[in-house]
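Okay, handing you the structure first.
The values are calculated or read from the model by the stated rules, or taken from the named source; none is laboratory data. The structure presented is a predicted model; accordingly, all values stated were derived computationally and were not measured. All Cβ positions, glycine included, derive from the backbone under ideal geometry; neighbour counts span all protein chains shown.
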Amino acid sequence: MSDGRAGSRAAFGYITALFFIWGAVTSVNDVLIPAVKSIFSLTDTQGFLTQFAFFLAYGIVSLPAAAIVSRMDPPRAIILALGIMVVGCLLMPVATAVREYGVVLVALFVIASGNTLLQVAANPLSAVLGKPSRSHSRWC
């Protein structure tokens, strides 16, 4: 195997790991709802705002994320996306320390914004790794 192909396989492995990371981040919302309901004494409707705040980011951030990816290369956009997600994660302890549900919603929006940028950057990158004729069903 040539070095270029080995590098493409490694890059594709990293991109695949990112797909699993953003899937895991997205699925945590279902577990988070009962926790925030009990911590902040919320009604069911208020508790489901956690998912609304998270998925609202996809609708709002998708087009700006595409603009960001078009201005910088996908690997740097991925690093930026992961940094945004870290900032959102760091807001969670702040939210529990100040006991403000609104800060939790902001943190979720920030995490989902990073997740959205991650998806927008990783999808075209995975398409260019390997043969162009197989980009629609990338296995390698």
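Can you tell me which residue among Ala77, Ala107 is of a type in the set (Gly, Ala, Ser), crowded, with 18+ Cβ neighbours inside 10 Å, closer than 22 Å to Leu125 by Cα and out of contact with any Lys or Arg (no Cβ under 6 Å at 6 or more places or on another chain)?
On the way: Ala107 fails: closer than 22 Å to Leu125 by Cα.
Going through Ala77, Ala107 in turn, the sole match is Ala77.
I'd like to check which helices (runs of 4 or more DSSP H) are fully inside region 1-89 and have at least 2 residues that are modelled with pLDDT of 95 or more and under 14 Å from the mean Cα position of the chain (by Cα).
On the way: elements: 3-40, 44-47, 49-71.
The helices (runs of 4 or more DSSP H) meeting that bar are 49-71.
Looking at Thr16, is it touching a Ser or Thr at 6+ places or on another chain (Cβ under 9 Å), surrounded by fewer than 17 Cβ atoms within 10 Å (Cβ to Cβ) and polar (S, T, N, Q)?
Working: touching a Ser or Thr at 6+ places or on another chain (Cβ under 9 Å): yes; surrounded by fewer than 17 Cβ atoms within 10 Å (Cβ to Cβ): yes; polar (S, T, N, Q): yes.
When the stated conditions are applied, Thr16 passes them.
Enumerate the pairs (first residue in region 27-55 and more than 22 Å from Leu117 (Cβ to Cβ) and of a type in the set (Ser, Thr, Tyr); second residue anywhere and crowded, with 17+ Cβ neighbours inside 10 Å and modelled with pLDDT of 90 or more) with beta-carbon separation below 9 Å, excluding pairs fewer than 6 apart on the same chain, so at least 6 apart or on different chains.
Hits for this filter: Thr43/Lys37.
Quick one: which residue in Pro75, Pro34 is under 20 Å from Val128 (Cα atoms) and touching a helix residue (DSSP H, G or I) at 6+ places or on another chain (Cβ under 9 Å)? Lay out the reasoning, then the answer.
Numbers: Pro34 fails: under 20 Å from Val128 (Cα atoms).
Just one listed residue meets the conditions, Pro75.
Ok, one more. Is at least one residue of region 120-138 modelled with pLDDT under 95, of a type in the set (Ser, Thr, Tyr), surrounded by fewer than 20 Cβ atoms within 10 Å (Cβ to Cβ) and in contact with a helix residue (DSSP H, G or I) (Cβ under 7 Å, 6 or more places away or on another chain)? Give the steps one after another, and end with the answer.
Initially, region 120-138 is screened for residues modelled with pLDDT under 95, giving 120-138.
If we keep only those that are of a type in the set (Ser, Thr, Tyr) too, we end up with 126, 133, 135, 137.
Restricting the remaining residues to those that are surrounded by fewer than 20 Cβ atoms within 10 Å (Cβ to Cβ) gives 126, 133, 135, 137.
Of the ones still in play, those that are also in contact with a helix residue (DSSP H, G or I) (Cβ under 7 Å, 6 or more places away or on another chain) are 126, 135.
Taking every residue of region 120-138 in turn, at least one turns out to be modelled with pLDDT under 95, of a type in the set (Ser, Thr, Tyr), surrounded by fewer than 20 Cβ atoms within 10 Å (Cβ to Cβ) and in contact with a helix residue (DSSP H, G or I) (Cβ under 7 Å, 6 or more places away or on another chain).
Can I ask one more? Applying the selection to region 40-74, what residues are among the β-branched types (Val, Ile, Thr), crowded, with 16+ Cβ neighbours inside 10 Å and more than 19 Å from Thr26 (Cβ to Cβ)?
Result: Ile68, Val69.
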